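Q: Right, I'll just put the structure down here and ask away after.
The values are calculated or read from the model by the stated rules, or taken from the named source; none is laboratory data. Note that this is a predicted model, so its numbers are computed, not measured. For neighbour counting, all protein chains shown are included, and Cβ atoms are generated from backbone atoms with ideal geometry for every residue, glycine included. Side chains included, ligands, DNA and RNA excluded: accessible areas come from the protein's heavy atoms. Shrake-Rupley method; radii C 1.70, N 1.55, O 1.52, S 1.80 Å.
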Amino acid sequence: MEALCTLVIPLAVLTHLWVAPYTKVEESFNVQAVHDLLYHGFDLERYDHQEFPGVVPRTFLGALATAVTAAPFKYATEALALPKLANLATARLVLGLFASWTFVRVQQAVAKRFGRGTGACYGVLQASQFHTMFYASRFLPNTFAVIASNLALASLIRDEKGDARRVVQYLTCAGVIFRCDMVLLLAPASVALLLLRRMTLVGLVATGVVSSIASVVLTVAVDSVIWGRLLWPELEVFLFNNPAGDNRSSEWGVSSPHWYFTSALPRALSGSAFFVLIGALYERRIRPFGLIALAYVLLYSMLPHKEVRFLFPVLPYFNVVAATGLSRVFKMKGRKRLWLGFLSVGIIAVVLLHTYVAATVSCMNYPGGKAFEELHRMGLGAKDAKVSVHIDVFPAMTGVSRFGEDYEAWTYDKTPWDECQGEHTFDYLVTADAERPSYELVRQIDGYARFELPRDFSSLKEAVLSRGVPLVVVLSPKVYIHRIKQR
């Protein structure tokens, strides 16, 4: 049983990877970086960031570690004549398995300190939730931060020799290299280490300073070479988003101070929030972990721009608390155990249903990737010809990446359409526009529009048989493939 509850985490990650193999715009920098590291090596002039540097520079360290690990598999995919997308799947597999290993490390630490039953409960709760499992194989800076945060959490739970120092090291490195906002987690974790007398103030500061210097040296050394200028990427990100300055992140939207508590956390934890309350109420030893996560959310709530993915590093902290609550339910006696047991099973079923529906929707949100793959299927007979393809913004945001550029003889252009030198430049267009002058529509790719309740018994039957839930998925045209008209 314990081994099964350990396996559910990597199985959940791999299932999400299989269901939704494409990537989106928020992952684009690291996806293109992994591609360039695999295919261009030391030829830095051909790297995607030379043409599309993005709003702020990001570190290559996460992409570099992934590419180095995935590189041997590239030769296998080429020997088997598989499309380049297979290498994207391989790279995501490498990242997903490593992230899964860190979740399992947390589970093992929970089992060792709070009991095997609690460890099994953590595995079930973590694997059943949508967000962390879906994004565990996706190339977001947040995912790399979660990996470091998980290792810090496992060390925090174990409370063995050297673990306190590792907590500071992991969170400091993550903050310096991948996500500067990890300081919001490092701060309450450091306070907890001091209050629990697991570290002295001198030891804490010394560990933080040494870890910071080592991390800065590493990221500056690697990223300055690849970017072609002296650079500490995460410092520039911090200056861009500095809440005491311009706070440019607000340009991407502003949410109310309570949004994380009233919207993001309930969705991310689903019904597990119920078990968080039970765990915090009945298990004293678990409260510091909940307080650390709560402090992080409170600090982040002060910033106007908010996204669910900013909470990813602390969702496992809440799940550790929830695991003790769920375990406590099954240790109760009498009627209380009976009723709370039934309620708990029902809550987990609802969480799984939510994950299923969210995954179903998510796999339909990559029409650009599907259109790009369809284009190459259509053009298989002309793969060695000189064919030019223009990719509009929306397809590029919803699945198109350099991993989809299968044919070496073809040229691919992502220049904004209004900046192109004429409408007759390209053989094919991949666009969100249903019509383009001088071009004919050859394919239409549908994507998710909304869910609807069945209107009659036949539609209800079809929905249940096809999706497993009594909901009708409504699709609408999202991306179009146009071919230039013959003159």
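Q: Which condition number in (1) at negative phi; (2) open to solvent by 20 Å² or more (accessible area, probe 1.4 Å) is the one that VAL110 fails?
A: Here VAL110 meets the rest and fails (2).
Q: Note down all Cβ pairs under 6 Å where the first residue falls in region 198-217 and is touching a residue at least 40 places away in the same chain (Cβ under 8 Å) and in the same structural domain as VAL183 (by the TED database), the second is of a type outside the set (S, T, N, Q) and open to solvent by 50 Å² or more (accessible area, probe 1.4 Å), and they're at least six residues apart or on different chains.
A: THR207/ARG165
Q: Show me the helices (runs of 4 or more DSSP H) found entirely inside region 180-296 where at least 1 residues are among the aromatic types (Phe, Trp, Tyr) and at pLDDT below 90.
A: 233-241, 272-282
Q: Would you check which residues across region 36-63 are part of a helix (DSSP H, G or I) and open to solvent by less than 60 Å² (accessible area, probe 1.4 Å) and list them?
A: Within region 36-63, the first condition is being part of a helix (DSSP H, G or I), and the residues that meet it are 36-39, 44-46, 48-50, 61-63.
The answer is ASP36, LEU37, LEU38, LEU44, ASP48, HIS49, LEU61, GLY62, ALA63.
Q: For region 9-29, name all the residues that are open to solvent by less than 10 Å² (accessible area, probe 1.4 Å), within 15 Å of ALA396 (Cα to Cα) and assigned to a helix (DSSP H, G or I). Explain how you work it out, then say what you get.
A: First, the residues of region 9-29 that are open to solvent by less than 10 Å² (accessible area, probe 1.4 Å): 9, 13, 20, 23, 27.
Now restrict to residues that are within 15 Å of ALA396 (Cα to Cα): 23, 27.
Matches in region 9-29: GLU27 only.
Q: Could you tell me whether region 148-160 includes any residue that is surrounded by fewer than 24 Cβ atoms within 10 Å (Cβ to Cβ) and more than 30 Å from THR15 (Cβ to Cβ)?
A: yes
Q: Which members of region 64-76 meet the condition of being under 26 Å from VAL217 (Cβ atoms), among the hydroxyl-bearing types (Ser, Thr, Tyr) and open to solvent by 30 Å² or more (accessible area, probe 1.4 Å)?
A: THR69
Q: Does any residue of region 299-313 turn out to be open to solvent by 30 Å² or more (accessible area, probe 1.4 Å), closer than 24 Å to LEU353 by Cα and free of Cβ contacts under 8 Å to residues at least 60 places away in the same chain? Let's see the steps before the verdict.
A: Initially, region 299-313 is screened for residues open to solvent by 30 Å² or more (accessible area, probe 1.4 Å), giving 299, 302-304, 307, 309.
Imposing the further condition that a residue be closer than 24 Å to LEU353 by Cα reduces the set to 307, 309.
From what's left, free of Cβ contacts under 8 Å to residues at least 60 places away in the same chain: 307.
Taking every residue of region 299-313 in turn, at least one turns out to be open to solvent by 30 Å² or more (accessible area, probe 1.4 Å), closer than 24 Å to LEU353 by Cα and free of Cβ contacts under 8 Å to residues at least 60 places away in the same chain.
Q: Moving to a separate point now. What tally of residues in region 269-320 results from selecting those that are of a type in the set (D, E, K, R) and touching a Leu at 6+ places or on another chain (Cβ under 8 Å)?
A: Going through region 269-320 one residue at a time, the tally reaches 1.
To keep it simple, each residue is scored yes or no on (1) open to solvent by less than 20 Å² (accessible area, probe 1.4 Å); (2) at pLDDT below 85.
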site: LYS331; (1), (2): no, yes
site: LEU338; (1), (2): no, yes
site: ALA349; (1), (2): no, no
site: TYR356; (1), (2): no, no
site: ASN365; (1), (2): no, no
site: GLY369; (1), (2): yes, no
site: GLU374; (1), (2): no, no
site: ALA385; (1), (2): no, no
